[in-house]
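Encoded as structure tokens, the structure appears first; notes follow it.
The values are calculated or read from the model by the stated rules, or taken from the named source; none is laboratory data. If you're wondering where the values come from, they're calculated on a predicted model, not measured in any experiment. Backbone-built Cβ (ideal geometry, glycine too); neighbour counts: all protein chains shown. SASA here: full protein model, heavy atoms, side chains in, ligands and nucleic acids out. Shrake-Rupley method; radii C 1.70, N 1.55, O 1.52, S 1.80 Å.
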Amino acid sequence: MLSVLRRILASGALSALLMNACLFLAPFAGAALAHTLDDPAVFGFPSTPAARAETRNAVEEIAARLAPQGLSRRRGWEELVARELREGDPHAARGFVLSARTMLGGGAASRINRTLDADPSDAEIAAAAAELLSNETRGVFQDAAAWMAQADAAPDSAAFIGYGGLGDLQRQAQNWIAGRDDDHLALSLMALHVAFSDAISPNAARGAAALRDARRAGRLHRRFAAALEARARIVFPDGPLRGAVAAAAAQSDGGRGVARAFHTHADMRALDAFAALLEDIGAMTAATSSRGAGRLLAQARSNADLPRLRLVAQAGGDRATAVAKRLTDSRALVHAAHGTTTWTSALTANVVTLISIAVGMTAAAATVFANAIVRFFRYRPTRRRRIRQAAAKAAAQKPARAGDPETSG
């Protein structure tokens, strides 16, 4: 039995079987791992302290690359701050001030750090970094900072401010039916406010308001806007909804019929998924501002970018707003988000399976190589044996000479 196994191993049959089995299983194992990693509970972009710190550093490094060329670090940094203040964008100006340690580096960063605690707040960082600005720029920035501090301390304003109510929904629905305004997404956002105020959270309402503003300002990328439009049409199907809205819009009930039509024809499961997207946008708004969320939304190319941009906003705050405003590489800010992997049992099993397949393929290849080496050395003739074989061959081929005892007589 042992000799049979030895011969089977020497033949390479088991190695071939193992290699082919591993090659067959590898795609399935890889697909299972990819499916597991798609689960946000396994790999996602939660706002953990480590993820925020790494993402904040990445955002500040991008900000450092935005400094004007041909100027010293300090001159270029101050020019960015002054330009934002001249343009009336104090949040972007504060974003560059908050990035001063990374943008300036060296002694300037050390000077700022000497005045800060181990875990400083953004207000403390901004106050320390502002001391490096020239007198003129510092004065304007400090006035803007005082105004922003009052605005940040004010109670949260109601979401959808300016959205109106039932009458506005009815007028927008009438324009939609008549073809004067075919923006299905904007109409859906209005309907969410009027007909589903109890079904969505205040954070989702803020996100919808920021999304509506970004849509009106033309900031949304064409592909991202199309994805949102498609999602809105799933929540409020165009075909069944249009007839019901047309009948309700003709009534003089102040828009209550239109609201009921939206409520009747809504896909509630799709509404929950759409509200989750709006939650991410609302978190961007809370971490920056409505304008800041709009600038971040301009960086998105698909719905999958929203969790990344939410983390960028929560980690960077006004830093993210400043970078998003001046950035020309639209993917750099999305890629600045650092994901977090949670080692669940499913992920562990997938990784162990892939490692086992890799080990099996390596063992099969090593066995084939070892068998080839053994055969080479086992059956290779020695030098002396080759010489004897060559001499015998030559003697056998040499013709007999006349007079030799073996051939005479």
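Data overview
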{"item": "Identity of the residue in segment 289-339, open to solvent by less than 20 Å² (accessible area, probe 1.4 Å) and assigned to a loop (DSSP other than H, G, I, E, B), that ends up farthest from Asp39 (Cα to Cα)", "result": "Gly317"}
{"item": "Whichever residue in segment 246-288 is polar (S, T, N, Q) and touching a residue at least 24 places away in the same chain (Cβ under 8 Å) and, among such residues, is surrounded by the most Cβ atoms within 10 Å (Cβ to Cβ)", "result": "Thr288"}
{"item": "Any pair with Cβ under 8 angstrom, 6 or more apart, that starts in segment 32-61 at a residue that is open to solvent by less than 60 Å² (accessible area, probe 1.4 Å) and ends at one that is part of a strand (DSSP E or B)", "result": "Val42/Thr341; Gly44/Thr340; Phe45/Thr340; Pro46/Thr340; Thr48/Thr340; Ala51/Thr340"}
{"item": "Lone qualifier among Arg219, Arg231, Arg212 - being farther than 17 Å from Pro307 by Cβ, assigned to a helix (DSSP H, G or I) and of a type outside the set (Phe, Trp, Tyr)", "result": "Arg212"}
{"item": "Qualifying residue in segment 199-209 (condition: in contact with a Pro (Cβ under 6 Å, 6 or more places away or on another chain) and either loosely packed, with under 13 Cβ neighbours inside 10 Å or under 15 Å from Leu169 (Cβ atoms) (or both))", "result": "no"}
{"item": "Flag if Ala244 is in contact with a helix residue (DSSP H, G or I) (Cβ under 7 Å, 6 or more places away or on another chain), of a type in the set (A, V, I, L, M, F, W, C) and either part of a helix (DSSP H, G or I) or farther than 18 Å from Ala266 by Cβ (or both)", "result": "yes"}
{"item": "Complete set of residues in segment 341-357 that are over 28 Å from the mean Cα position of the chain (by Cα) and in contact (Cβ under 8 Å) with a residue 12 or more places away in the chain", "result": "Ile357"}
{"item": "Matching residues in segment 166-209 - criterion: being under 23 Å from Asp305 (Cβ atoms) and aromatic (Phe, Trp, Tyr)", "result": "none"}
